[in-house]
1. Any idea which of 915, 864 is touching a residue at least 40 places away in the same chain (Cβ under 8 Å) and under 20 Å from residue 677 (Cβ atoms)?
2. If I filter the range 580-587 for residues that are in contact (Cβ under 8 Å) with a residue 12 or more places away in the chain and not in a helix (DSSP H, G or I), do I get at least one hit?
3. Looking at 422, 450, which is the one that is modelled with pLDDT under 95 and part of a loop (DSSP other than H, G, I, E, B)?
4. With the checklist (1) under 27 Å from residue 701 (Cβ atoms); (2) in a loop (DSSP other than H, G, I, E, B) in hand, flag the one item residue 879 doesn't pass.
5. If I filter the range 492-510 for residues that are under 23 Å from residue 567 (Cβ atoms), in contact with a strand residue (DSSP E or B) (Cβ under 9 Å, 6 or more places away or on another chain), at pLDDT 85 or above and surrounded by fewer than 22 Cβ atoms within 10 Å (Cβ to Cβ), do I get at least one hit?
6. Output the residues belonging to the range 201-227 that are closer than 27 Å to residue 89 by Cβ and either without any contact (Cβ under 8 Å) to a residue 60 or more places away in the chain or touching a strand residue (DSSP E or B) at 6+ places or on another chain (Cβ under 6 Å) (or both).
7. Filtering the range 297-332 down to residues that are in contact (Cβ under 8 Å) with a residue 60 or more places away in the chain and part of a helix (DSSP H, G or I), which residue is surrounded by the most Cβ atoms within 10 Å (Cβ to Cβ)?
8. What's the number of the only condition in (1) in the same structural domain as residue 730 (by TED's automatic domain parsing); (2) out of contact with any helix residue (DSSP H, G or I) (no Cβ under 8 Å at 6 or more places or on another chain) that residue 850 fails to meet?
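The values are calculated or read from the model by the stated rules, or taken from the named source; none is laboratory data. Everything numeric here is computed off the predicted structure, so don't read it as measured data. Glycine also receives a Cβ, built like all others from the backbone with ideal geometry; neighbour counts cover every protein chain displayed.
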């Protein structure tokens, strides 16, 4: 292991560590000294050190990222990793750093260290560190743990061979108002630790006492008619102060007053709102309840320009929270120049101050005698305002860092990121057995092998125990069950250990819910990105999961097997979060006998038993997966949009929504003008678009058909046309026109019906009126002489009794009014089954006194249901069977048709033929 300190060794600024371990070279951070003549770390050493294979970013403060545009320009193909919130924060912080750097370089007439394009290239190349917290770069495994400090800050653990290194970055053990403190790296056993030492020479005062002292001081200044300026780092400190001031107001501990927010603070607050899983639970809850918690409407004013600044200083006194935190440029310096000479005003410092910063010089005036002055922006100002410092640090103190090293027990402890006194005093506190070392910029520190640990033997990893085990849920994307047993996605943003409950934010409605661990149906994994990214994907899957399910390769699963969701996702290519959600919904739709929950520690994990029938059901999408169909209203709108250009489309509706086989019914004005192949194509396309089975109505627009005849025949038409539904004819009375053949062709092409002159009807084998059953027609059964027609409801009941007597399944009995009178139409599963019962239908016609016919279209859903029930799962049906109505066939595609035994195949074909009248084609 070889560590080289490029910057930030004996200073606070330009942090940058080069690491060489197990043949892999990494750069951790590349910061800048924003307020010095020499802003860059020693990047020229990178080539001497053999280059870099990857770059890791601990957090988004300028002293850790400011030099990255230069590094990226030197090594354009090297990957750069940071947590998702750090990436978003860097887009703002880098822009601001560039603006300040450009202004200073112009003022001092020196060259910029990088160009704006190089900065944009850097921002475009950033890669998100995996939400799992682990990454492989070269021969090293990189782990990340929460560092406290600011949103998205992490410390990195590197493992290569027998060597382990922990680089803390900036750390804070105490939880602030916005984020939790350090997440201790249980299970990691570093031989070497590189640790910050910003406050290595002090112990923090009580945080609550300091907060109370600050807000009371602010309230006192404002009550006295002055303005209280709090110069604060835009990232981290400003958010803490805004919550603090408003919390005291809401509890009535101080009077209400306006809070003016200036600089980058507003933009940073927006990013905090996008990552509730990184925030403390109460803060995330309040954000979703009120949309904002930092810039509360009516209490906080976001200042946008100089004109607004000047106006507010003429108005009601209030508290001004502005960057930068050290009074070096930015909005805070502008306000300080105007407030520093007023005795009623105050400037309150709350964070670390560089030695040469105006903020540090202001605090030094507390011990000065005589006239007190401070130079701001090249102008010397008399200091008459009140000023003070408050301990709200986001860095660990000497006691905390000492205890941390005692728990880690490394062989070497390299102290960086602190001035000489801070690092020296911290080194004196740390046990010599842990090798405290004061490093210097530009120096390398090398160990040939993993050194023996203190005590002469390998000790256990970081000692201690977890409070509840529930903390691992934080940041997890979960599938929860509601009271109606419906699944919905939510991200865990906090826990309540005593109650053993999870605080979760739902994705679609952005609501905060409390859930017990028993409500967790499945865990989709850690989510490190912004919640807005989930809002773009997950609601669409929850509304209609079929498209994502169709894109997954379920056939890659091997049976029999027991697998977890991650294992299934890896096998079927479910890489995106949308595909993982769809896969989870499908797996959870398996029968309960295939879903096993296993307790490991404090967590339940799900194992799925995958046998051949289960894999076939997943592949065929035949499981009752939640949202595998669109909701009815959306589905109908989708069908209307898709069919809007079809010349025959009339309307659409639903049937059987509450039944086992719901369907969308598509109606054409002339159904017979749409061929079987076209119907099959439309049904397949609409099923893919909506997830619904499609049925076509056989109802004809009789009025419209008669009008078409009038239009074609003109004045020669006598009386009203007569429509014969059974024979598919429209009979008209008129002299045969000269272009009769063309008229008939056009009429048939548009309606599917034959246009017939009166006296010529029945040429297709049926009379113009109704023929008797004894007459040999296969289309209709007529009542015998003397039969008396029943009333409609009586006829329906009689049909029902007749069906029960004959053990027949009649799906529907419709009474139609035709040109020749009333007609009862029976709906069998298929017309092929209907023709078996012609004689019995003739008997029924006598009983009800009405002609009886049967529907010419099959009940496709029922046919498919019979096929799926009767075809053995072992055949491995690949997708939904297809129906050919014109041929009376249903085709199934199997995994290996040739392997099916002939005897078994023949038996299944005969069974389906008996039940449906359709021939089964096995492909």
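1. Only one candidate passes the filter, namely 864.
2. So far as the range 580-587 goes, no, none of its residues is in contact (Cβ under 8 Å) with a residue 12 or more places away in the chain and not in a helix (DSSP H, G or I).
3. 450
4. (1)
5. Checked the range 492-510: no residue is under 23 Å from residue 567 (Cβ atoms), in contact with a strand residue (DSSP E or B) (Cβ under 9 Å, 6 or more places away or on another chain), at pLDDT 85 or above and surrounded by fewer than 22 Cβ atoms within 10 Å (Cβ to Cβ).
6. 204, 215, 218
7. Selected residue: 332.
8. Here residue 850 meets the rest and fails (2).
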